[in-house]
Amino acid sequence: MKLGIIGSGNVVSEFLSFIDEIKSIELVAIYGRKHSIDKLHQLQNKNNIKKVYTEFDQLLLDEEIDTLYVALPNNLHFEFAKKGLLAGKNVILEKPFVQTMEEFMDLQKISKDKHLHLYEAISNQYSPNFNKIAQWTNQIGDVRIVSLNYSQLSSRYAKFQTGKILPAFDFKSGGGALQDLNVYNIHLLTGLFGRPQEIHYSYNFVKNVDTSGILTLEYPNFISNAIAGKDVFSIENGMNFIEGDKGYISIDKPTNDISTISLHTENSIDILKLSGQHRMFYEFETFANKIASNDWDFMNKMLGHSKLVLEVLTTVKRQMKSDHPDK
């Protein structure tokens, strides 16, 4: 994979902290706005990136690049992904994938027509522990309650309180607790259990955005709560439980990082901890492998999962719009 990185924010810095461990990925270029040129050159020099672009159209003309990693504010995902696909590049989009179902269908059609790969970067779906959790659900009897909590005081919250609204707290830019943090909980729940029957969101609404909230997803035989907050001081370790009538599963970190999990039954405790790898390592290792092997079945499976998550998000955003029709 010959990669062009789109963006220079915190998630890009995280990505660059481990990506040299995946030898099949070559960092060809990084793109950002002109006012970020100094930061772009710093990232280039520190991480041996060949080229820097401040004009996206110029990057798209670079024939050395075959894949784009789009890590921009949420409302820009669709625009940059579509341009990338139309230019003949595979696209990896940071979560949340896109903002509307129409955008999803548009990107999916272009990727199919042009035989290009299209993925959502969502760490918990690619962790080896995801499959282990799925296996363990068969050992805890009938699942009755699932409770997930990914709350983390935002580094941008202080500015938000003073009235400086950055994209992370701008609902029109795809910001808010639902799409920034709770999306990880939604991915985990739907990945394990599929489509919920009922969806309801209770949330704190401040300056026209959900700063925290509790999302209830009801399944035929159990209820789940997905909690997320950007305005709360929370412990670093997660408090995540899948509880059945014969045992329970715990996830000991927030749901963006499921590296430490444990199975508790009447007579035993089984603890599984992944060794050392950054939480994003496994998804990008998978993307590189699947793009190299042109595994279209796998891509379509993961697009189907992303579509289901978007259906949940769309339902919740429709409820929020109904709650606040003047916003």
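What follows draws every value from the coordinates through simple rules; no lab data is involved. None of these values were measured; they are calculated from a predicted model. Note that each Cβ is placed from the backbone with ideal geometry, even for glycine, and that neighbours are counted across all protein chains shown.
Assorted remarks:
- 0 to 90° range, to nearest 10: angle between helix 101-113 axis and the chain longest Cα axis: 60 degrees
- Taking region 42-57 and a reference point 7 angstrom along Cα→Cβ of ASP106, the backbone N atoms nearer than 19 Å belong to 56-57.
- Within region 2-121: Cβ-based charge dipole about Cα centre, in debye rounded to nearest 20 (Lys, Arg +1; Asp, Glu -1): 140 debye
- Where Cα atoms sit under 23 Å apart: lysine pairs in region 195-327 separated by 8 or more or lying on different chains: 15
- Working from label points 7 Å from Cα in the Cα-to-Cβ sense, the GLN161 to LYS301 distance is 4.6 nm.
- Whole-Hz ³J(HN,Hα) from phi, Karplus 6.51 cos²θ - 1.76 cosθ + 1.60, for region 201-210, glycine and proline x: 10, 10, 8, 8, 10, 10, 6, 6, 8, 7
- Pairwise FRET efficiency - THR216 versus LYS246, Cβ, R0 = 30 Å, nearest 0.05: 0.80
- Residues whose amide H lies under 5 Å from that of LEU118, counting only those 5 or more places away or on a different chain, are VAL91; hydrogens are built 1.01 Å from N in the peptide plane.
- Assuming charge only on the beta carbon of Lys and Arg (+1) and of Asp and Glu (-1), the dipole of the chain about its Cα centre is about 640 debye to the nearest 20.
- For region 1-92, the relative contact order comes to 34 percent (Cα pairs under 8 Å, sequence separation of at least 6).
- Exposure proxy ranking, count of Cβ atoms within 10 Å, fewest first, for SER293, SER127: SER293, SER127
- Per-residue Cβ neighbour counts within 10 Å put HIS115, HIS187 in the sequence HIS115, HIS187, beginning with the fewest.
- Label separation (ASN10 vs GLU55): 3.3 nm, computed from points 7 Å beyond Cα along the C-beta direction.
- Sparse packing (at most 10 other Cβ atoms within 10 Å of the Cβ) combined with a DSSP loop state is found for the following trypsin sites (Lys or Arg not before Pro) in region 145-186: LYS164.
- Listing GLU285, GLU79 from fewest to most neighbouring C-beta atoms within 10 Å gives GLU79, GLU285.
- Per-residue Karplus couplings for region 146-155, computed as 6.51 cos²θ - 1.76 cosθ + 1.60 with θ equal to phi - 60°, are listed in order as 10, 10, 10, 9, 10, 10, 7, 4, 5, 5 Hz, Gly and Pro entered as x.
- Folded to 0 to 90 degrees: helix 77-86 orientation relative to the chain principal axis, Cα: 50 degrees
- Cα-based helix-to-principal-axis angle, 281-293 vs the chain, degrees rounded to 10: 60 degrees
- Residues SER293 and LEU153, FRET efficiency given R0 of 41 Å [Cβ-Cβ distance, rounded to 0.05]: 0.50
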